[in-house]
Amino acid sequence: MINTFNRIVVVLLWLLMLAAIGYITIFPDAAFTALVDRLSVAKEMLRVQQEVNDGYFLIGQVAVGIVAVIVFGGLLWLELWPHRQRGVRVRTVKGSSVELDTDSIARRLSWHLDQLADVITVFPEVRSRGNAVDIELEVETSPDIDVQMKTDEVVESTRDIVEEGMGLRLGKLDVRMRHLPFEDEWEA
């Protein structure tokens, strides 16, 4: 969530900076004249507001400062604070522990589940939650399968891979099936 938000903000800022630098490069006199004019209008508006009611002006300054600290401080905290584990702790038979990366779990699931009959591709999303993993699977299959039987097979295989093969505890498992079109649909 925060990564998507960051990407959108960064792309918009880069586009804005690119447009601004391009405009300033092509029309430097007009750009700086417009900037100075707008800043002097803003300065005059602020001076008038302060003269009208100094108390409200001070309240507005404090409110803008508090909102800025809450919004930008919150975004900074979300960006810098370690909020999610990238792996899951696994205890070995001899008592030591190791951290297994969620991307490794996803790759292993993808490889093993791709081996099942009538499964075309698997897109796993693995999230760690304490000492368990939550898994969302998007499975693409051939169009003529028995959905209930294939879902049971995928769930059982996932459980075997995660719990028996990797020694992890399976939390929530969500499977979404998607079928490829029939052959005659491709020809149309």
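Values in this text are rule-based calculations from the coordinates and carry no lab data. Everything numeric in this text was worked out from a predicted model, so none of it was measured. Every residue, glycine among them, receives a Cβ derived from its backbone with ideal geometry; neighbour counts consider all protein chains shown.
Measure nothing fancy, just the Cα-based angle from helix 102-114's long axis to the longest principal axis of the chain, in degrees from 0 to 90, nearest 10. For helix 102-114, the angle is close to 40 degrees.
DSSP assigns beta bridges within the chain; of those with both partners inside it, close to 60 percent run antiparallel.
Would you please give the FRET efficiency between ARG169 and ASP146, computed as 1/(1 + (r/R0)^6) with r the Cβ-Cβ distance and R0 = 41 Å, to the nearest 0.05? That pair, ARG169 with ASP146, gives E of 0.90. Between the helical axis of 2-26 and the dominant principal axis of the chain, each derived from Cα atoms, what acute angle in degrees is found, rounded to the nearest 10? For 2-26 against the chain, the angle is about 40 degrees.
State to the nearest 20 debye the size of the charge dipole of the chain about its Cα centre, where the only charges are +1 on K and R beta carbons and -1 on D and E beta carbons.
On the way: 19 positive and 29 negative charges, 283 e Å.
Value, rounded to 20: 1360 debye.
Compactness ratio for the chain: Cα radius of gyration over 2.2 N^0.38 Å (N = residue count) comes to 1.74.
The residues LEU15, LEU113, LEU170, when put in order of fewest to most other Cβ atoms within 10 Å, stand as LEU15, LEU170, LEU113.
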